[in-house]
Amino acid sequence: MRTVVMSGPGGPEVLSVDVRPSPEPGPSEVLVRVEAAGVNRPDLMQRQGKYPPPPGASDVLGLELAGTVERVGANGSRWQPGDRVCALVAGGAYAEFCIVPEPQALPIPSGLDWVHAAAVPETYFTVWTNLFQRGRLQKGERVLVHGGTSGIGTTAIQLGRAFGAQVFATAGSEDKCAACERLGAQAINYRTTDFVQAVLELTGGAGVEVILDIIGGSYLSRNLECLARDGRLVQIGLQGGNRTDINLATLMQRRLTLTGSTLRPRTVEEKGAIARELEANVWPLLAGGTVKPWIHAVYPIERAADAHRALESGEVIGKVVLTM
Ligand SMILES: NC(=O)c1ccc[n+]([C@@H]2O[C@H](COP(=O)([O-])OP(=O)(O)OC[C@H]3O[C@@H](n4cnc5c(N)ncnc54)[C@H](OP(=O)(O)O)[C@@H]3O)[C@@H](O)[C@H]2O)c1
């Protein structure tokens, strides 16, 4: 099969396409013929050697895909050859064939083509488990999404709105702010405006009940400043660093919850449980067009390096997708 290989850790130029033997599905896995694979920031970190695959995962890049079930393992129960699925994987999606643990595959929501379906799993699994399970976002609450035009951000804004929350989002340019507004958020340009002050002004001093943060570092204490009483801060990225000082009294005085999570190292059972909740709660919204993946650019697999350059450029709004 054709697959993206790496000549070593480094820049996008280490990526090329080569031929490798196709993997064999285990008893509770399926082999999927990949049509499209999403590109995510963690892929860039893995390419740079900063985010190694968890034990047992493929060393090929790629955390999400859409395609057709080719073969089913001996204990397979749900899927049949020919089924159209999208799936979250711990690696291996930048290839013609990829192994998927059965519970991590979902049917393609009706109306989505391969490219849009491949852009769903990573951000929808992440946002569901963090914004709704950990952050406990409720209808009528207010949420601040940092990086509103990231793959994660475009999903979080739409899902927040779809579930009845008022959404605020930060972004680093006027174009990106306009995109956040089109997605349903009130946008804050964090380069020209202090987001703490802006959130407090926009909420009449009350703050927001939930923050989804991909920055960390010095953002932590600023996030705490704009959380409402009983607010929840969910940390899912550390683009601004992983150490900082905070005033713990703020947690006590406003009864705040500080939490966070990673997705990739979770067990198949845990990912399967998120998949079932998504299928029940979010798949109807995708099928009905209430929410949809926002595609920035599509590249053929041979141009995986250009896809990485695009995401690294900081110009992307939404998702970059590779086609096989
Ligand atoms: N924990 C998990 O389970 C999990 C899973 C998947 C992804 N992630 C993390 O989520 C983040 C987003 O991933 P992605 O694939 O969606 O990335 P992406 O599309 O490449 O987006 C990265 C974003 O960061 C924004 N950004 C950088 N500095 C910022 C700042 N100071 N304030 C606000 N936004 C800022 C950029 O927008 P501007 O131009 O507006 O700055 C850009 O939109 C990454 O940190 C990734 O590691 C976590």
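Have a look at 250, 257, 290, 244 and point out the one that is of a type in the set (Ser, Thr, Tyr), away from the ligand (no atom under 14 Å from the Cβ) and closer than 22 Å to residue 198 by Cβ.
250
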Residues satisfying the stated conditions in region 239-258, i.e. open to solvent by 50 Å² or more (accessible area, probe 1.4 Å), in contact with an Asp or Glu (Cβ under 8 Å, 6 or more places away or on another chain) and assigned to a loop (DSSP other than H, G, I, E, B)
255
Is one or more of the residues making up region 160-172 within 30 Å of residue 305 (Cβ to Cβ), modelled with pLDDT of 95 or more and surrounded by fewer than 24 Cβ atoms within 10 Å (Cβ to Cβ)?
yes
Which of the residues that make up region 263-282 are touching a residue at least 12 places away in the same chain (Cβ under 8 Å) and either open to solvent by less than 20 Å² (accessible area, probe 1.4 Å) or within 14 Å of the ligand (Cβ to nearest atom) (or both)?
263, 264, 265, 271, 272, 274, 275, 278, 282
Members of region 138-150 found to be more than 8 Å from the ligand (Cβ to nearest atom) and part of a loop (DSSP other than H, G, I, E, B), listed by number
138, 139, 140, 141
Starting from region 171-192, take each residue that is among the acidic types (Asp, Glu) and list its partners that are open to solvent by less than 20 Å² (accessible area, probe 1.4 Å), counting only C-beta distances under 9 angstrom and pairs at least six apart or across chains.
174/189; 175/149; 181/169
Residue by residue through region 151-175, note down the ones that are within 16 Å of the ligand (Cβ to nearest atom), of a type outside the set (Val, Ile, Thr) and more than 17 Å from residue 219 (Cα to Cα).
151, 156, 158, 159, 160, 173, 174, 175
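Conditions tested, residue by residue: (1) within 11 Å of the ligand (Cβ to nearest atom); (2) among the β-branched types (Val, Ile, Thr); (3) closer than 20 Å to residue 135 by Cβ.
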{"residue": "191", "(1), (2), (3)": "yes, no, no"}
{"residue": "201", "(1), (2), (3)": "no, no, no"}
{"residue": "206", "(1), (2), (3)": "no, no, yes"}
{"residue": "211", "(1), (2), (3)": "no, yes, yes"}
{"residue": "216", "(1), (2), (3)": "yes, no, yes"}
{"residue": "220", "(1), (2), (3)": "no, no, yes"}
{"residue": "227", "(1), (2), (3)": "no, no, yes"}
{"residue": "231", "(1), (2), (3)": "no, no, yes"}
{"residue": "234", "(1), (2), (3)": "yes, yes, yes"}
Region 50-66, subset away from the ligand (no atom under 13 Å from the Cβ) and either open to solvent by 50 Å² or more (accessible area, probe 1.4 Å) or of a type in the set (Lys, Arg) (or both), residue nearest to residue 29 (Cα to Cα):
56
What number of residues within region 16-47 are open to solvent by 20 Å² or more (accessible area, probe 1.4 Å), in contact with a strand residue (DSSP E or B) (Cβ under 7 Å, 6 or more places away or on another chain) and under 26 Å from residue 126 (Cα atoms)?
5
Go through region 191-218 and report how many residues are in a loop (DSSP other than H, G, I, E, B) and out of contact with any Gly (no Cβ under 6 Å at 6 or more places or on another chain).
9
Check region 314-321 and report whether any residue there is away from the ligand (no atom under 16 Å from the Cβ), in a loop (DSSP other than H, G, I, E, B) and small (Gly, Ala, Ser).
no
With respect to residue 135, determine if the residue is more than 10 Å from the ligand (Cβ to nearest atom), without any contact (Cβ under 8 Å) to a residue 60 or more places away in the chain, crowded, with 24+ Cβ neighbours inside 10 Å and closer than 19 Å to residue 231 by Cα.
no
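Picking from 69, 85, 34, 4, which residue would you name as being touching a Cys at 6+ places or on another chain (Cβ under 6 Å) and away from the ligand (no atom under 16 Å from the Cβ)?
Details: 69 fails: touching a Cys at 6+ places or on another chain (Cβ under 6 Å); 85 fails: touching a Cys at 6+ places or on another chain (Cβ under 6 Å); 4 fails: touching a Cys at 6+ places or on another chain (Cβ under 6 Å).
Unique residue meeting the criteria: 34.
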For region 74-81, does any single residue satisfy the condition of being farther than 20 Å from residue 300 by Cβ, at pLDDT 95 or above and not in a loop (DSSP other than H, G, I, E, B)?
no
Of a type outside the set (Lys, Arg), surrounded by fewer than 22 Cβ atoms within 10 Å (Cβ to Cβ) and out of contact with any strand residue (DSSP E or B) (no Cβ under 7 Å at 6 or more places or on another chain), is that true of residue 81?
no
Just give me the residues in region 288-299 being loosely packed, with under 15 Cβ neighbours inside 10 Å and touching a residue at least 40 places away in the same chain (Cβ under 8 Å), in sequence order.
289, 290
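The values are calculated or read from the model by the stated rules, or taken from the named source; none is laboratory data. Fair warning: this is a prediction, and the values are worked out from it, not measured in the lab. Backbone-built Cβ (ideal geometry, glycine too); neighbour counts: all protein chains shown. Areas reflect the complete protein model, heavy atoms only, side chains present, ligands, DNA and RNA absent. Shrake-Rupley method; radii C 1.70, N 1.55, O 1.52, S 1.80 Å.
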